[in-house]
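Read through the structure below, which is laid out as C-alpha cells, and then see the notes.
FYI, it's all coordinate maths here, none of it is from the lab. All values derive from a computational prediction rather than experimental measurement.
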Amino acid sequence: MKFILDFENAEIIGDLNTRVRVCVLVNTFNHEKYIEKCLTSIVEQKTDFHFKIIVHDDNSTDGTKRILIEFQRKYPNTFLLILEKENQWQIGNSNLAMLLTWIDSDFIALCEGDDYWNSDNKL
C-alpha cells in the first residue's frame, strides 16, 4: 500500500488551524445523490464541543464537488475539503490513510459519503 502525505495533486479548501476534540472523516466518490444527506446528518450533531469535518473527494465526475463546496462556504470553520485532481484509489492509494494524515484531534469518527447518521447524538 502506498501512502501520499502531501496531497500535491489535490486542491485543499479550508484549514485546520484550530485544534478540535473530534474530526469526522468522510470519503466520497460520485456520491452526488447521497452526499448532502450525509453532510447534513453530521453538521446537525448536538455537541458541547467544536468538531471538524474533513472530506476527501477522489475526483468525482458528477456534482459531488459542487455540493461539497456549497457546504464548505456555508460552514467555513467546520469543513476542510481535499479535492483530488486524479483518482487516488485507481492508482493504489488508500483514501483513509490519506485522510488520517490530516488529523489533529483526540478522536475520529467515520462516515462514508453514501451513508448518513440517523441520530443527532452520534458524536
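Would you mind checking which residues have amide H under 5 Å from E32's amide H? H placed 1.01 Å from N; only 5 or more apart, or other chain.
Answer set, sorted by chain and number: G63, T64.
What is the log10 of I(q)/I(0) for segment 10-106, computed with the Debye formula using one identical point scatterer on each Cα and no solvent, at q = 0.13, 0.16, 0.19 Å⁻¹?
Those come out to -0.41, -0.63, -0.89, one per q.
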